[in-house]
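Please read the structure below before turning to the comments.
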Amino acid sequence: MLTIEWSSASGWEKPCIKPLQNLSLHPACSSLHYATELFEGLKAYRGVDGKIRLFRPGLNMDRMARSARRMTLPPSLGVKKPTKALLYVILSPVGAYFSSECFDPISLWADPKYVRAWKGGTGDCKLGGNYGSSICAQQEALELGCQQVLWLYGEDHQITEVGTMNLFLYWINEDGENELATPPLDGIILPGVTRQSILDLACNWGEFKVSERYITMSDLTSALEENRVKEMFGAGTACIVCPISKILYKGKHLHIPTMENGPQLTTRILNKLTDIQYGREDSDWTVLVS
């Protein structure tokens, strides 16, 4: 484990890598009291040329800094301003997350009785507490035969996120335009690195409208009835993109025709991002690790 100690007197110390068993107390233990914990998910990719690359790590660091400001970290368990903190990184040789299994379409359960995040909360930060509170809803989704939760928000049942992923809808919108849409960063949506990368790619392609906009379940059901939905997918670091094929909402199964449509856009995004991440395509989005 990589550890970096901090104190108000001397700032950040030199990084040190040592075995976990050499620590008298695991640094995660302090989060058990008040959930004063934040984290980041950052992968290193061994490219086709054998070189190791990080993918847009600056976006992860920016998000981590925002999460730390929201949690007033370095942490304090009382009214006293903290004088010490510890940044630690678990180094794990997990190999590649991406596999053909990640591209299997998933089914979602959408029910407004559970809320992932709310205005004024911490949904836009990567905090452990956001995820622990989602386990009950995930279990209920599994019991209903669905794999993930489609999180809704508000009286109009706004579509927000899919499990721990951002959500994208590729459709013909109300004005007859081909549009790739994702919910806006209004405080309840996590600013995902993959999310931003997809938006950047699609805007650069310039082939269809790209929007950060609110989408309600009413908007989606109307579009499905009118055959205007092309593809729907989740996006995140682990699987990059994950197609959606079915949503259980108000006791009805809504069929999403993602796989029938290729899925052309979802596949294109997956191929483009993995080409960059694994060095098949040069990009300033990657940072070589010496």
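Just so you know, all these numbers are worked out from the coordinates, no wet-lab data involved. What you see is a predicted model, and the numbers here were worked out from it, not measured in a lab. No Cβ is skipped: glycine too gets one built from the backbone with ideal geometry, and neighbour counts run over all protein chains shown.
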Checklist entry - Residues with amide H under 5 Å of T36's amide H, sequence separation 5 or more or different chain, H placed in the peptide plane at 1.01 Å from N; which? => result none
Item to check | Amide H partners (placed H, <5 Å) of L248, local residues excluded | outcome: L108, W109, A110, L254
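For the residues H255, H157, what sequence is obtained by ranking on other C-beta atoms within 10 Å, fewest first?
Working: H255 11, H157 21.
Result, fewest neighbours first: H255, H157.
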Checklist entry - Can you list the residues, at least 5 places off or on another chain, whose amide H is less than 5 Å from the amide H of K43, using H built in the peptide plane? => result F55
Item to check | Helix 193-205 axis, angle to the chain major axis (alpha carbon atoms, nearest 10°) | outcome: 50
Next on the checklist: Could you give me D for the stretch 230-290, from Stokes-Einstein at 10 °C and 1.306 mPa s, where the hydrodynamic radius is the Kirkwood radius over C-alpha pairs? Units µm² s⁻¹, please.
Outcome noted: 119
Next on the checklist: For the pairs K14/K43; K84/K113; K113/K272; K14/K119; K51/K84, flag any whose C-alpha to C-alpha distance is greater than 30 Å.
Outcome noted: K84/K113; K113/K272; K14/K119; K51/K84
Item to check | Dipole magnitude (debye, nearest 20) for the chain, charges at Cβ of Lys, Arg, Asp, Glu | outcome: 1280
Checklist outcome for this item: In Å, the C-alpha Rg and Dmax of the stretch 100-280 are 15.4, 46
Checklist outcome for this item: The helix 57-70 Cα axis meets the longest alpha-carbon principal axis of the chain at an angle in degrees, between 0 and 90 and rounded to 10, of 80
Next on the checklist: Apply the Karplus curve 6.51 cos²θ - 1.76 cosθ + 1.60, θ = phi - 60°, to the phi angles in the stretch 232-245 and return the couplings in whole Hz, x for Gly and Pro.
Outcome noted: 9, 8, x, 9, x, 5, 5, 9, 6, 9, 9, x, 10, 10
Checklist entry - Counting each DSSP H run of 4 or more residues in the chain as -39500 (n - 2.57), what helix-only mean residue ellipticity at 222 nm follows after dividing by all residues, to the nearest 500 deg cm²/dmol? => result -7000 deg cm²/dmol
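Taking neighbour counts of Cβ atoms within 10 Å as a proxy for exposure, in what order, fewest first, do W6, W12, W151 appear?
Numbers: W6 16, W12 11, W151 27.
Least crowded to most crowded, the residues run W12, W6, W151.
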Next on the checklist: As a footprinting exposure proxy, order E143, E40 by other Cβ within 10 Å, with the fewest listed first.
Outcome noted: E143, E40
Next on the checklist: Quick check: the angle from helix 264-277's long axis to the longest principal axis of the chain, C-alpha only, nearest 10 degrees?
Outcome noted: 20
Item to check | Sequence-distant aspartates and glutamates (8 or more away, or on other chains) whose Cα lies within less than 13 Å of K209 | outcome: E174, D175, E177, E179, D200
